[in-house]
2 protein chains.
Amino acid sequence: MPTSDPLGISGERFTVRYHLDGPEREARALATAIGIEQTVELPEAAIPEGPIRDRLVGRLDSFKPLPSGRFEAAISYAIELVAGELPQFLNVAYGTISLKRGVRVGGLDLPPGGFAWLRGPRFGTAGLRDLLGVPDRPLLGTVVKPIGLSAEELADLAYQFALGGMDFIKDDSVLTDQPFAPFAERVARCAEAVARAGRETGRRCLYVPNVTAPAPLVGERARTAKRAGAGGLMLAPGLAGWDALRTLAADEHLGLPVVMHPAWLGPSVAHEAGGLAPSVLFGRLPRLAGADACIFPTYGSRFSFTPEECREIASGLRDGFGTLKPSLPIVGGGVTVERVPELCRFYGNDVLLLLGGALRLRGPDLVRSCRECADLVARSATAPGRPSPSSS
Amino acid sequence: MPTSDPLGISGERFTVRYHLDGPEREARALATAIGIEQTVELPEAAIPEGPIRDRLVGRLDSFKPLPSGRFEAAISYAIELVAGELPQFLNVAYGTISLKRGVRVGGLDLPPGGFAWLRGPRFGTAGLRDLLGVPDRPLLGTVVKPIGLSAEELADLAYQFALGGMDFIKDDSVLTDQPFAPFAERVARCAEAVARAGRETGRRCLYVPNVTAPAPLVGERARTAKRAGAGGLMLAPGLAGWDALRTLAADEHLGLPVVMHPAWLGPSVAHEAGGLAPSVLFGRLPRLAGADACIFPTYGSRFSFTPEECREIASGLRDGFGTLKPSLPIVGGGVTVERVPELCRFYGNDVLLLLGGALRLRGPDLVRSCRECADLVARSATAPGRPSPSSS
């Protein structure tokens with residue numbers, strides 16, 4: 001047996017930056033334990049000597065204090081551990097150790113060439129802008145709802161939204177295949193309504209149905225949506241699995257933009273002593289899985305995210321990450337028309353503002369409400385060349 | 001349009017018991033908001049009058065203080081909202097509201113007849129005991145590992161474990177389809193080794209490979225495992241999605257016991273102010289999805305669960321839940337041989353103790369170490385008829 005490379009390990013590694021509770025001595029011991037836990041999962045004395053111990057156990061590459069008083073341990077792993085599988089990447093990064101409190105995934109660093117088996121977003125922000133023909137201003141979207149309306153009623157809403165100048169219209173995340181508006185009928189009618197409005201206005205708008213579904217049905221719903229003329233697909237990986245998202249994004253035959261919805265994932269970012277940094281869960285992971293855009297609730301909404309967390313998420317979606325394209329932040333959660341200028345300043349131009357209920361409260365003329373809001377967004381754009389405030 | 005039932009709603013409802021931060025006035029307001037958020041997701045003033053408002057908005061059925069100082073709001077939902085889909089059940093129960101801090105899913109109540117589309121565990125604890133021919137004592141299992149060994153080396157371990165009297169041998173959760181021991185070869189060799197040992201001892205033992213995999217490959221791995229003679233299938237829904245677990249359990253052609261692994265799910269139970277109660281995440285949800293057993297780290301292990309949390313999880317797996325069969329708690333996370341009697345007292349007989357590294361540290365004769373441990377388990381069984389202490 002050759003001594004140099006008996007396991008056929010390439011030497012390519014990825015790195016997880018764990019944030020750990022102190023004191024320092026305990027954090028260092030925990031860092032060592034994580035490298036074992038996430039790989040060979042054996043007591044120290046039972047780890048075989050040789051290449052398993054030397055090359056497969058996670059390697060503590062750096063350890064440093066953080067301004068928060070916690071410690072960052074950068075642990076690198078051989079790429080062969082993940083076998084070209086996204087669920088196994090998640091597992092090595094945080095699977096078992098997620099069950100120990102006090103360990104947070106603060107950051108991820110890809111191998112220098114990225115993962116050959118993860119191409120990331122097919123469209124990304126630039127590709128979505130190309131599809132829409134909107135080169136630089138903030139984008140504007142809304143939601144067909146509520147559940148209980150018929151497919152025809154939902155499609156009529158979509159028509160009015162598209163006439164009013166929306167760039168993006170998505171299904172409410174609670175719409176799947178209920179009897180009130182079955183999936184195939186709803187998607188066909190809504191896509192047709194948006195296309196009809198587009199012929200009248202000459203503007204483009206993406207209708208994005210929700211394909212979050214039982215595992216055996218996700219692909220079928222996506223193909224149904226594609227045939228009906230949908231402009232993208234929305235899926236919540238917290239409900240349907242991260243690899244369902246990756247599978248949609250990687251599907252050449254679909255070739256549609258994929259939008260991630262954050263349902264179910266709140267507790268994974270809610271406490272600094274555990275879980276994942278918002279920039280990882282709503283930024284890095286969606287890009288790894290290939291999401292072209294990710295929805296999250298903005299600060300100041302009816303949810304619990306702070307400005308700093310929102311800035312981090314936007315950064316996780318937009319800033320350099322291997323060779324993966326930037327994805328578009330979609331912010332919602334109760335955005336009001338009045339907040340449009342503020343949110344455009346905060347997030348910069350590369351954002352999509354999602355207004356749901358707010359558009360419904362401005363009176364019965366939905367088309368006019370949408371137009372007013374679209375005008376406000378256009379006026380709120382950052383001047384070209386000025387950097388996005390939230391990235392600075 | 002008939003006024004009585006224009007949406008075709010049956011009247012069957014399920015209930016989510018949310019635990020909310022006080023003060024009481026705020027908790028009550030939040031409870032009302034949850035019923036809207038998880039269904040129509042519109043501002044109060046924009047919710048259509050009539051059956052959507054009356055029958056689809058979540059209904060606050062009870063509200064009471066908890067001993068902890070928090071409040072329990074029982075909110076019921078029309079079953080039509082979930083469209084017979086497990087991901088959508090998760091979504092209605094906790095999807096969007098998971099993004100608001102301070103809301104915890106404390107309990108779930110099924111409709112009186114259960115969900116017709118979720119049969120739950122096919123085997124459950126009693127079925128697993130039948131497969132093993134072990135009517136009442138605690139069960140004992142271990143793990144083939146570490147990653148980096150060849151399929152032949154892992155199979156040799158499995159052979160020794162089975163000779164030593166293990167009831168259950170599972171893949172380490174980090175083993176998927178790495179080049180060191182590719183899935184099909186590993187599973188075939190391990191299953192063969194366990195069967196060979198069984199012919200020598202006359203005892204039964206289930207070999208349970210890990211089929212957590214990319215979404216398009218889970219079914220294929222499960223069928224490969226079935227053909228190779230595996231005794232069950234393990235999957236981590238945090239990595240591969242809850243509906244992948246359900247799909248495996250519901251597959252008539254597979255007809256194999258399904259074991260849930262808890263990877264990735266730690267942060268969802270880690271903080272009382274949010275997430276899900278351990279009894280829900282590691283008890284009720286696995287049973288809904290059809291898991292016959294669920295692995296979790298016991299108190300006093302190298303993970304962070306308390307005795308009370310472990311008691312709750314065991315209760316969530318074993319106690320009455322509609323018509324669903326009880327599932328088997330599998331406790332691991334660093335169980336030592338010395339703790340076997342204590343853990344048998346704590347969990348009672350309906351438990352499987354999973355010893356990994358501990359068996360490897362007792363010297364080179366693995367078969368003997370396993371036999372000693374199996375003897376200790378047999379001696380530690382609760383006398384028949386005595387109730388399980390952890391359920392009392």
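For B:ILE330, the residues 5 or more places off, or on other chains, whose built amide H falls under 5 Å of its own are B:CYS294, B:ILE295, B:PHE296, B:LEU352.
Taking the axis that rotates chain A onto chain B, the chain A residue nearest to it by Cβ, with the distance rounded to whole Å, is A:GLY241, 1.
What is the Å³ per residue value for the convex hull set by the Cα atoms of region B:278-392? All intermediate terms of the calculation are to be shown ahead of the outcome.
Numbers: hull volume 11.6 nm³, N = 115.
Per residue, the Cα convex hull of region B:278-392 comes to 101 Å³.
Projecting 7 Å from Cα along the Cα-to-Cβ direction, the label point of B:ARG345 sits 6.6 nm from its equivalents in the other copies, listed shortest first. Note on region B:154-229: Cα Rg divided by 2.2 N^0.38 Å, N the number of residues, gives 1.07. Among DSSP beta bridges whose residues both lie in the protein assembly as shown, state the antiparallel percentage, nearest 5. Beta bridges within the protein assembly as shown, antiparallel portion: roughly 45 percent.
For A:PRO65, inter-copy separations between label points set 7 Å beyond Cα along the Cβ vector come to 4.4 nm, shortest first.
Measuring nothing but alpha carbons in region A:190-232 and taking Rh as the Kirkwood radius, the Rg to Rh ratio lands at 1.08. Neighbouring Cβ atoms from other chains, within 10 Å of the Cβ of residues in B:42-51, number 4 on average. Distances from A:ASP109 to itself in the other copies, using label points 7 Å out along the Cα-Cβ axis, amount to 5.3 nm in increasing order. With R₀ set to 56 Å, the beta-carbon distance separating B:GLU220 from A:ALA383 gives a calculated FRET efficiency near 0.55. The Rg/Rh ratio for region A:304-364 is 1.04, where Rg is the radius of gyration of the alpha carbons and Rh is the Kirkwood radius. Set the Cα radius of gyration of region B:1-52 against 2.2 N^0.38 Å, with N its number of residues, and you get 1.42.
Per residue, the convex hull spanned by the Cα atoms of region A:1-95 measures out at 103 cubic angstrom.
Only protein chains counted, 1.4 angstrom probe. Which residues of region A:94-111 are at least 50 Å² less accessible in the assembly than when their chain is isolated? The answer is A:LEU99, A:ARG101 - residues whose exposure falls by at least 50 Å² when every protein chain is included. Measuring r between the beta carbons of B:GLU24 and A:GLU342 and using R0 = 30 Å, the FRET efficiency lands at 0.35.
With equal scatterers on the alpha carbons only and no solvent term, can you work out the Debye log10 of I(q)/I(0) for region A:94-213 at 0.13, 0.14, 0.22, 0.23 1/Å? Evaluating at q = 0.13, 0.14, 0.22, 0.23 Å⁻¹ gives log10 I(q)/I(0) of -0.68, -0.74, -1.13, -1.21.
Dipole check for the protein assembly as shown: with +1 at the C-beta of Lys and Arg, -1 at the C-beta of Asp and Glu, and the Cα centre as origin, the magnitude is about 100 Debye. Over chain A, DSSP H runs of length four or greater, each weighted -39,500 (n - 2.57), average out per residue to a 222 nm ellipticity of -10000 deg cm²/dmol. Largest to smallest in accessible area, the residues A:GLU272, A:GLU24 fall in the order A:GLU272, A:GLU24 (1.4 Å probe, all protein chains included). Across q = 0.10, 0.12, 0.15, 0.16 Å⁻¹, region A:207-321 modelled as identical point scatterers on its alpha-carbon atoms has Debye log10 I(q)/I(0) values of -0.29, -0.42, -0.64, -0.72, in the order of the q list.
Over every pair of different alpha-carbon atoms in region A:184-273, take the mean of 1/r and invert it; report that Kirkwood radius in Å. Intermediate results must be reported in sequence, preceding the final value.
Working: mean 1/r = 0.0715 Å⁻¹.
Kirkwood hydrodynamic radius for region A:184-273: 14.0 Å.
The phi-based Karplus calculation (6.51 cos²θ - 1.76 cosθ + 1.60; θ = phi - 60°) puts the 3J(HN,Hα) values of region A:261-278 at 9, x, 3, 6, 8, x, x, 6, 10, 6, 10, 5, 7, x, x, 10, 4, x Hz, whole numbers, x for Gly and Pro. At the listed q of 0.10, 0.14 Å⁻¹, the Debye profile of chain B, built from one uniform point per Cα, gives log10 I(q)/I(0) equal to -0.67, -1.16.
Structural size metrics of the protein assembly as shown, computed from C-alpha coordinates, are Rg and Dmax of 26.1, 80 Å. Take chain A with all the other protein chains still there, run a 1.4 Å probe, and you get 34 Å² of accessible area per residue.
If R0 is 41 Å, the Cβ-Cβ spacing of B:TRP117 and A:GLU12 corresponds to a FRET efficiency of close to 0.40. Across region B:320-346, the residues whose backbone nitrogen lies under 18 Å from the label position 7 Å along the beta-carbon direction of B:SER62 are B:320-322.
Here the spin labels are modelled as points 7 Å beyond Cα on the Cα-Cβ line, and at B:ASP375 and A:ASP5 they lie 4.9 nm apart. Would you please state which residues of region A:40-64 a label at A:ALA33 would reach in this model, taking the label point 7 Å out along Cα→Cβ and a backbone N cut-off of under 20 Å? Backbone N within reach: A:40-48, A:57-64.
The values are calculated or read from the model by the stated rules, or taken from the named source; none is laboratory data. This structure is a prediction, so every number in the text was calculated from the model and none was measured. Counting neighbours? That spans all protein chains shown, and the Cβs are built from the backbone with ideal geometry, glycine included. Just the protein is used for accessible areas: all its heavy atoms, side chains included, with ligands, DNA and RNA removed. Shrake-Rupley method; radii C 1.70, N 1.55, O 1.52, S 1.80 Å.
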